[in-house]
Structures are given as C-alpha cells and as structure tokens.
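The values are calculated or read from the model by the stated rules, or taken from the named source; none is laboratory data. These numbers were taken from a predicted model, which means no experiment stands behind them. Here the Cβ is made from the backbone with ideal geometry for all residues, glycine too, and neighbour counts use every protein chain on show.
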Amino acid sequence: MIIFIVGPTSTGKSEVAFKLAQRLGAEIVSCDSMLVYKEPNIITAKPPPFMLETIRHHFVSIISVEEVYNVFTYFSSATKVIKELFLQKIPVIVCGGSGLYAKAILDGIFTFPGRNEELRERLRKEAEEKGKEALYRKLKAVDPITAEKVSCNDLKRIIRALEVYYLTGVPLSGKKKTSKGLWGSLPIKIVGLTLSREALYDKINKRVEMMFQKGVVEEVKKLLNLKLSVTAREIIGIKEIARILKGEISLEEGKEMVKKRTRNFAKRQFTWFRQDKRIMWEDVSGRSIENVVEKIVNVCMRQ
C-alpha cells in the first residue's frame, strides 16, 4: 500500500503520517523540498528526533545546504525507494507539501538538459536588442504547445523553453513523457489534509511564533555563515531573518513578514493540490490525529 499525505503547510501532515506509519508498519518518504537539508531544523519545521528515530524517514537530512537539490534528483531517487519498499511488501507513506515533487512521483518528469549560461546570456541580449516578442515568436515557431502556456512577457520561461530546444533538438512539450511516474503502475491513494482558511492561518502564525521562541534567528545566523546553494536560499524565512540580523528591520517586522510569506505559500499549495482530482480531502478541523488516521485507514482499505 502506498498512501500520499499532501496539503498546505501547518495542516499536521507530519503528525498524521507518523501515526499512520505506526499503525500500518510503514516507512515514510518525505516529499518536502526543504527537509532534505541537514543543518536547518527549526526553520524547516523538521519532524522531532523521536519521530525520525521511531519511524524510518527517507529524504530527510540527506545533504548540506551548500549543495543544490532539485525535483529531478528527487524523482529518480524517490521512485526507486518506493518501488523497492513495495517489492518488500513494506507500506509507504509519502508525506509533504511540495506539489512539484509529489506530481513528479505520480506522473513522471521529463529529463531537463543542464543550464547553459552562454546560451542564456545570448538569448537575454537578443531580448534586450529585439524585444521579448522576438524570442516569443521563435518559441512559437519551434514549440507552439509550450508557447500557448507561456506569457509573451515571461522572459525567464521563454528562455528556458528555447534553451531546452536548442540543447536537445526536442521541444519542451515533446519531452514530457520521457520518465513515467508511479500512478497506474502501483496501488496509490492520495489524501489531502485541509483546514478552514482562518484556522490554517492561525496555525501558521502560531508556528512562526514558536520558531522564533525556539531560536530560529540563531539558526539562520549559523546558516548564513555557510555558502547556501540556490535551492537552500529559497527556504522560507531565511531572507527575512537575514534582514533582522543586518538591522534593516525589527524582530517584530521580520516575524510578520515570515508569517505573511508562509500564508501566501500555503495558499499556493492549496491551489496546486486542488487541481488534482485524484486527491481525497480530509478536513482536520477540530479532529484528533487518531481520528484522522482511522478515517484514512478505513477509506484507503475500502477502496
């Protein structure tokens, strides 16, 4: 059995996945793009040590923040782990709120060529000299399907799509089925956890307050002494706390900025997952973790 537990941040996914794994004798495959990093614990809301020691968690604390980690690396590793556990008849709980990571496991991913800075710079200069529309027309000529999905003003995505075409000879839209996901080949159920907006935002605000009480400012101060990778720099809160440390904003201003950014992130997560009609949604408002787990077990076993 493979059960995905997805949804916005602060809905209690980690706690539900932990109890569910205990109930089923499962292992947990983290689907969170920031839990892969070893050094941060507070700012990434990493599960506490007793959870990590009690139930085996894959893809938690596996690399340094100085290393780049992306969905392509995750896809090949995560699908391999899930397949191996399935063959060993070990139940799997895939837990996390990184929608792109979950979609990669479920539906596959196409193999991107690496970045080519020389080519990108040439395309940027062309856009400066001839306008974004000139590059957009080129994209429409070589990859009309992608062009339909990209705004003519979205220079970043236009350049990336042209980069893929020029480096591989295959349009971006034509590479989308080169790596297949697990949906349809393994028995998978997807459960989404949700709360009312008011309850969710309240939990987010309280979580951020708790992070600061636990010493997140000092944690970030240590992180900033390292050479953070491009992906690690995207951890929510690092930019805001860096400004606190520089004296650019007050502690309270920083807190409010982190709360707002996290709330916006949760909204984007909810929008992303709502588009997937395979997800069975569970409103966890006012319910105990045990009650939610019981419902998930009953639903997944019955179907």
Self-check item: Check on GLY184, in contact with a Ser or Thr (Cβ under 8 Å, 6 or more places away or on another chain), modelled with pLDDT of 85 or more and under 22 Å from VAL6 (Cβ atoms)
Solution: no
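Suppose the filter is in a helix (DSSP H, G or I), touching a Lys or Arg at 6+ places or on another chain (Cβ under 9 Å), surrounded by 15 or more Cβ atoms within 10 Å (Cβ to Cβ) and not basic (Lys, Arg); does ILE241 pass it?
yes
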Quiz item: Does the range 224-232 contain at least one residue that is at pLDDT 95 or above and assigned to a helix (DSSP H, G or I)?
Solution: no
Quiz item: List pairs: first in the range 222-241 and of a type in the set (Gly, Ala, Ser), second modelled with pLDDT under 90, Cβ under 9 Å, 6+ apart or cross-chain?
Solution: SER229/VAL68; SER229/TYR69; ALA232/VAL68; ALA232/TYR69
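For the range 38-53, name all the residues that are touching a residue at least 12 places away in the same chain (Cβ under 8 Å) and either in a loop (DSSP other than H, G, I, E, B) or within 13 Å of the chain's Cα centre (by Cα) (or both). Give the steps one after another, and end with the answer.
At the first step, the residues of the range 38-53 found to be touching a residue at least 12 places away in the same chain (Cβ under 8 Å) are 38-47, 51.
Passing the criteria: LYS38, GLU39, PRO40, ASN41, ILE42, ILE43, THR44, ALA45, LYS46, PRO47.
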Quiz prompt | Top-ranked residue of the range 244-275 - restricted to ones that are of a type in the set (Val, Ile, Thr) and in a helix (DSSP H, G or I), ranked as nearest to THR11 (Cα to Cα) | solution = THR262
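Return yes when ILE3 is more than 25 Å from THR79 (Cβ to Cβ) and among the β-branched types (Val, Ile, Thr) and no when it is not. Give the steps one after another, and end with the answer.
Details: more than 25 Å from THR79 (Cβ to Cβ): no; among the β-branched types (Val, Ile, Thr): yes.
Against the criterion (more than 25 Å from THR79 (Cβ to Cβ) and among the β-branched types (Val, Ile, Thr)), ILE3 does not qualify.
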Exercise. Return yes when PHE75 is touching a Cys at 6+ places or on another chain (Cβ under 9 Å) and either in contact (Cβ under 8 Å) with a residue 24 or more places away in the chain or assigned to a helix (DSSP H, G or I) (or both) and no when it is not.
Key: no
Quiz item: Which residue, of VAL6, VAL81, VAL36, is in contact with a helix residue (DSSP H, G or I) (Cβ under 7 Å, 6 or more places away or on another chain) and either closer than 26 Å to VAL299 by Cβ or in the same structural domain as GLU219 (by TED's automatic domain parsing) (or both)?
Solution: VAL6
Exercise. Could you list all residues from the range 87-102 that are surrounded by 17 or more Cβ atoms within 10 Å (Cβ to Cβ), out of contact with any strand residue (DSSP E or B) (no Cβ under 6 Å at 6 or more places or on another chain) and part of a helix (DSSP H, G or I)?
Key: GLY99, TYR101
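Within the range 15-31, which residues are surrounded by 23 or more Cβ atoms within 10 Å (Cβ to Cβ) and within 21 Å of LYS206 (Cβ to Cβ)? Lay out the reasoning, then the answer.
Let us first name the residues in the range 15-31 that are surrounded by 23 or more Cβ atoms within 10 Å (Cβ to Cβ), namely 16-18, 20-21, 28-31.
Those that are surrounded by 23 or more Cβ atoms within 10 Å (Cβ to Cβ) and within 21 Å of LYS206 (Cβ to Cβ): VAL16, ALA17, PHE18.
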Quiz item: Quick one: would you say LEU200 is out of contact with any strand residue (DSSP E or B) (no Cβ under 6 Å at 6 or more places or on another chain) and modelled with pLDDT under 95?
Solution: no
Quiz item: If we scan the range 182-191, do we find a residue that is in the same structural domain as ASN41 (by TED's automatic domain parsing), farther than 30 Å from LYS83 by Cβ and either free of Cβ contacts under 8 Å to residues at least 40 places away in the same chain or buried (at least 18 other Cβ atoms within 10 Å of the Cβ) (or both)?
Solution: no
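Do the conditions hold for ILE63, that is, is it buried (at least 19 other Cβ atoms within 10 Å of the Cβ), in the same structural domain as GLN22 (by TED's automatic domain parsing) and touching a residue at least 24 places away in the same chain (Cβ under 8 Å)? I'd like the intermediate steps shown before the answer.
Details: buried (at least 19 other Cβ atoms within 10 Å of the Cβ): no; in the same structural domain as GLN22 (by TED's automatic domain parsing): yes; touching a residue at least 24 places away in the same chain (Cβ under 8 Å): yes.
Here the answer is no, as ILE63 does not meet what is asked.
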Self-check item: Failed criterion for GLY247 (all others in (1) more than 30 Å from ARG274 (Cβ to Cβ); (2) buried (at least 18 other Cβ atoms within 10 Å of the Cβ) hold)
Solution: (2)
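Determine which member of the set LEU228, LEU223 is within 17 Å of VAL65 (Cα to Cα), assigned by TED's automatic domain parsing to the domain that holds VAL71 and in contact with a Pro (Cβ under 8 Å, 6 or more places away or on another chain).
Details: LEU228 fails: in contact with a Pro (Cβ under 8 Å, 6 or more places away or on another chain).
Matching residue, one of LEU228, LEU223: LEU223.
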Exercise. Please verify whether the range 54-72 includes one or more residues that are farther than 21 Å from VAL191 by Cβ, at pLDDT below 95 and part of a helix (DSSP H, G or I).
Key: yes
